[in-house]
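The values are calculated or read from the model by the stated rules, or taken from the named source; none is laboratory data. Quick caveat, the model's predicted, so the values are computed rather than measured. Cβ atoms come from the backbone with ideal geometry, glycine included; neighbour counts cover every protein chain shown. Surface areas here come from the heavy atoms of the whole protein model, side chains and all, with no ligands, DNA or RNA. Shrake-Rupley method; radii C 1.70, N 1.55, O 1.52, S 1.80 Å.
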Amino acid sequence: MNYVFSPAAPVAIPVSQSDSFFPVRRVYCVGQNYAAHAAEMGGDGRQPPFFFSKPADALVPGNGPIKYPTQTNKLQHEVELVVAIGQGGADIQVDQALSHVFGYTVGIDLTRRDLQAAAKNQGRPWDLAKGFDQSGPIGAIVAAEQCGHPSSGRIRLSVNGTVTQDGDLAQMSWNVAEVIANLSTYVQLAAGDLIFTGTPAGVSTVVRGDVLSCAIEGIGTLETTLV
Ligand code: MN
């Protein structure tokens, strides 16, 4: 194939305890999947899950620094369990959904909250509030054959050592299997897809120099500094 220029290499995330990498295809994110966070965002009650996307190349694998983004004065963190799809499908049944999972990791859905609020007010898309450069720091993927399929476990984020988010995976409004099943009614999932599964309450505004440290019990940790 004669490309007019060399295509970018796929974003590749290290697989824990392995020499292999997980090549990313698409990145989906669930909005307001923990009731307490939905409430802090002004939502009410259990709504069907809804989804948005980040570009795959917005991901930053590992613990490297993140450049504070342009066009915002209100950058916020959202620590999330990230599901890595290993086998695709459409109209996946809930009771089959976990068999499509390759593994799990911890990620941060960085959000330009001021741009998102303006977009909400004007009925405009969230894309550039959520899908900007380096908006997805992400840890190494742990294969499900090692960590199982977590339905509970503490999920935390601290800023400069002070805990801001402290929840449990069991608080998700829609669990991993339900999220996969629902998303697969909208799009055909494929190996390489990632799903950020939403964030517990406690999102806060961060500034340059802040150190964000995340942990999900049984899955792993992630730390990044805003520069
Ligand atoms: Mn999020």
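Taken as a whole, the condition of being open to solvent by less than 30 Å² (accessible area, probe 1.4 Å) and either over 24 Å from ASP168 (Cα atoms) or more than 15 Å from the ligand (Cβ to nearest atom) (or both) does not apply to ALA12.
If only residues of the range 15-25 that are out of contact with any strand residue (DSSP E or B) (no Cβ under 7 Å at 6 or more places or on another chain) and of a type in the set (S, T, N, Q) are counted, the one that is surrounded by the most Cβ atoms within 10 Å (Cβ to Cβ) is SER18.
Across the range 214-227, what is the total count of residues that are over 22 Å from THR70 (Cα atoms) and touching an Asp or Glu at 6+ places or on another chain (Cβ under 8 Å)? Counting residues in the range 214-227 that are over 22 Å from THR70 (Cα atoms) and touching an Asp or Glu at 6+ places or on another chain (Cβ under 8 Å) gives 1.
Taking the range 155-175 as the range and being closer than 21 Å to LEU98 by Cβ and open to solvent by 10 Å² or more (accessible area, probe 1.4 Å) as the test, the residues that pass are ASP168, ALA170, GLN171, MET172, SER173, TRP174, ASN175. Residues in the range 99-130 that are touching a residue at least 60 places away in the same chain (Cβ under 8 Å) and either among the basic types (Lys, Arg) or more than 24 Å from SER213 (Cβ to Cβ) (or both): 7 in all. Considering the range 133-172, the qualifying strands (runs of 3 or more DSSP E), each wholly inside and each with 2 or more residues that are of a type in the set (A, V, I, L, M, F, W, C) and at pLDDT 95 or above, run over 154-159. Hey, among the residues in the range 51-71 that are within 9 Å of ASP133 (Cα to Cα) and either among the hydroxyl-bearing types (Ser, Thr, Tyr) or part of a loop (DSSP other than H, G, I, E, B) (or both), which one's most open to solvent (accessible area, probe 1.4 Å)? Looking at residues that are within 9 Å of ASP133 (Cα to Cα) and either among the hydroxyl-bearing types (Ser, Thr, Tyr) or part of a loop (DSSP other than H, G, I, E, B) (or both), I get LYS67. The number of residues in the range 128-170 being within 14 Å of the ligand (Cβ to nearest atom) and more than 28 Å from SER18 (Cβ to Cβ) comes to 6. Cβ-Cβ contacts under 6 Å between residues 6 or more apart (or on different chains), taken from a first residue in the range 77-92 that is among the aromatic types (Phe, Trp, Tyr) and open to solvent by less than 10 Å² (accessible area, probe 1.4 Å) to a second residue that is part of a strand (DSSP E or B) and near the ligand (Cβ under 10 Å from one of its atoms), are absent.
Across the range 208-221, the qualifying residues are those that are surrounded by 15 or more Cβ atoms within 10 Å (Cβ to Cβ) and of a type outside the set (S, T, N, Q), and the one among them that is farthest from the chain's Cα centre (by Cα) is ASP210.
Considering (1) surrounded by fewer than 20 Cβ atoms within 10 Å (Cβ to Cβ); (2) in contact with a Pro (Cβ under 6 Å, 6 or more places away or on another chain), the lone condition that THR224 does not fulfil carries the number (1).
The listed residues are THR205, THR199, and the only one of them that is within 16 Å of the ligand (Cβ to nearest atom), within 17 Å of the chain's Cα centre (by Cα) and touching a residue at least 24 places away in the same chain (Cβ under 8 Å) turns out to be THR199. Filtered by the rule that a residue be assigned to a loop (DSSP other than H, G, I, E, B) and either touching a strand residue (DSSP E or B) at 6+ places or on another chain (Cβ under 8 Å) or within 16 Å of the ligand (Cβ to nearest atom) (or both), the range 26-47 gives ARG26, GLN32, ASN33, MET41, GLY42, GLY43, GLN47.
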